[in-house]
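The values are calculated or read from the model by the stated rules, or taken from the named source; none is laboratory data. All figures in this text were calculated on a predicted structure; none of them were measured in a lab. So basically every Cβ, Gly included, is an ideal-geometry build from the backbone, and we count neighbours across all protein chains shown. Remember, those area values only see protein heavy atoms, side chains included, never the ligands or the DNA or RNA. Shrake-Rupley method; radii C 1.70, N 1.55, O 1.52, S 1.80 Å.
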Amino acid sequence: MSATDTSPAPPEPVSVFSAFLFWLKLGFISFGGPAGQISIMHQELVERRRWISERRFLHALNYCMVLPGPEAQQLATYIGWLMHRSWGGVIAGALFVLPSLFILIGLSWVYIAFGEVPVVAGLFYGIKPAVTAIVVQAAHRIGSRALKNGWLWAIAAASFVAIFALGVPFPLIVLGAAVIGYAGGRIAPEAFRAGGGHGSQGTSYGAALIDDQTPVPAHARFRWSRLYGLAVIGALLWIVPMGLLVSVFGWDNTFTQMAWFFTKAALLTFGGAYAVLPYVYQGAVTHYGWLTPTQMIDGLALGETTPGPLIMVVAFVAFIGGYGQAVLGPELTFAAGALAAVLVTWFTFLPSFLFILVGGPLVESTHNVLKFTAPLTAITAAVVGVILNLALFFGYHVLWPEGFKGVFDWPSALIALAAAIALFRFKRTVIEVLLACSVTGLIVYLLRV
C-alpha cells in the first residue's frame, strides 16, 4: 500500500554492519531468478525498510538492465555503493553471490559422488524435462517484452537461424545485433527505442533514507580521477590472478582456459543468464569438453533450485570440469573442482562490480540517449532467438537421450508438457514446478528399474 503525504520521517541512517546483515540474509533467500530477486529487494528496501525511494530504485534498475551481467546482483551492488561507497557495493554484490557459490560446490560434489544412486538419478530424470519447459518460458518472457515490432522480430529470427542452422558463435551474433541496432537507431529510431521503465515511478511508501530529492552523494559524482583509479584497480584484479594462473599452470591448463573463457562470457550476458548459456554450452561442452550435454542440463536444474543469480550455474560447470579432469591430480579432485568454481566465479562477476563502481556516475547520464540504448535493444531481440535454440537443444537431449535413432522418451515428454502447462497456464513458480517434476521423475524412474 502506498503511503500518504503524512508518512513517517525517513529512517535513521543505516550502519555498514546493519547493511551487511541484510545483504547476507538476501544472499540466502534470493530465489526466483532476476524477477523474484528484484521483487524481494523492492519489498525489503523500498516498501519495508525505506532505504531508497521508488524512483531512485527504478532509476538504478534501469541502469543495471542495460549492462551485461546479472541485473539483480548489479542492482544490489549499486544500492550498496550508493549507501556506503565502494566497500558498500562490494559487500552487497559479494554477499549476493557467495552463499550460492558454497551451496553449489556442495551440491556439485553430491552430484558427482551420488549421481548414479537410483534416488538421485530419478530426481534428475524428472528435473531435466522441467528445465526444458523453463527455458521455453524464459524465451517467451523475454520475447514478449523485447519483440515490439517487425524489426526486432526479424533480428530474433535471424539470430535463431544463425546459431541453429549455421553454427555462428554467440559473440558474433551479439556483435552483429549491436551493429544492426546502432544503424537501426538512426534509420528507424522509434523501432529501436528502449521500452519504458519497470512499473510506475509515482508510487511512494513514505520518506526514504535516499529519497527523490536527496542530493547525489559526493562519492557518486563523476570524477575522472576516480574513474582512472578504479579502472586501474579493476585491471589489476584481473591481470594478477590471470598472470599467476599462466605462470603456475601454463596457458593451456584447464584453470587458465576457464578463467579466460568465463571472462569473455561475463561480457556477453546481455539479457540475463539464459542469453549466455548457449555460449557457455558451445565452449564448455562442445569445444573444451569440460562436461556432457546431460550434465549441462543437470547443472541448470541445480542453478534454478539454489539462491543467487542463475549465472551461478558456471560454478557447477567449473566444478565438474576441474573435478573430472583431475587438474590437481587424482588425490585432489574435490580441491580441483572447488578451486575451479571459485576461479570462475571471480572472473565471471568481476566485470559486474567494475561496471557499477567505475561506470555508475558516467553511464547514468547517458541511459536515455538512443545511440547507446538502440544497440542494446537489438541485442535483447537477438537473445530471444538464441534462447529458443537452447530450448531445442535441451529438448533434443531429454526426449531422445540416445539420439534421434534411439527410443523417444515419452514419460519425459509428458513431464515437460505438464511443466509447461503449470508455468504458462497456472503461473506456478519455478521451484514448485521443479519439486513436482522431480518427485514424478523419481516415481517413474523407480518403476522402470
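Could you order the peptides 224-234, 81-91 from most to least packed, using the average number of other C-beta atoms within 10 Å per residue?
The peptides rank, most packed first, as 81-91, 224-234.
Just need the relative contact order of the range 206-363 here, percent rounded to a whole number, with Cα pairs under 8 Å and 6+ apart.
The normalised contact order for the range 206-363 reaches 27 percent.
Computed over the Cα atoms, what is the radius of gyration of the range 216-358 divided by 2.2 N^0.38 Å, N being its residue count?
1.14
Using a simple spin-label model with points 7 Å from Cα along the Cα→Cβ vector, what separation in nm is obtained for ILE187 and THR214?
4.5 nm
On the accessible surface of the chain, probed at 1.4 Å, how many percent belong to carbon and sulfur atoms?
Carbon and sulfur together cover 69 percent of it.
For LYS128, which aspartates and glutamates qualify as cross-link partners when the Cα separation must be under 14 Å and same-chain residues fewer than eight apart are set aside?
LYS128 reaches ASP298, GLU304, ASP409.
Between GLU402 and ASN149, how high is the FRET efficiency from 1/(1 + (r/R0)^6) when r is the Cβ-Cβ distance and R₀ = 41 Å? Nearest 0.05.
The calculated FRET efficiency here is 0.45.
When only Cα pairs under 8 Å and 6 or more residues apart are kept, what is the percent relative contact order across the chain?
Relative contact order here is 32 percent.
How far apart, in nm, are two points set 7 Å out from the Cα along the Cα-to-Cβ line at PHE102 and at ILE233?
In this crude label model, PHE102 to ILE233 measures out at 2.5 nm.
Check ILE210: other-chain or 5+ apart residues with amide H under 5 Å from its amide H, H built from backbone geometry?
ILE52, SER53
Using a 1.4 Å probe, what is the accessible area per residue for the range 332-447, in Å²?
47 Å²
Just to check, using Stokes-Einstein with a Kirkwood Rh over alpha carbon pairs, what's the diffusion coefficient of the range 110-200 at 20 °C and 1.002 mPa s in µm²/s?
Approximately 131 µm²/s, per Stokes-Einstein.
Estimate the FRET efficiency between LEU447 and LYS371 by the formula 1/(1 + (r/R0)^6), using the beta-carbon distance for r and 41 Å for R0, to the nearest 0.05.
FRET efficiency, LEU447 to LYS371: 0.10.
Compute the whole-percent fraction of alpha carbon pairs in the chain spaced more than 44 Å apart.
More than 44 Å apart: 11 percent of the Cα pairs in the chain.
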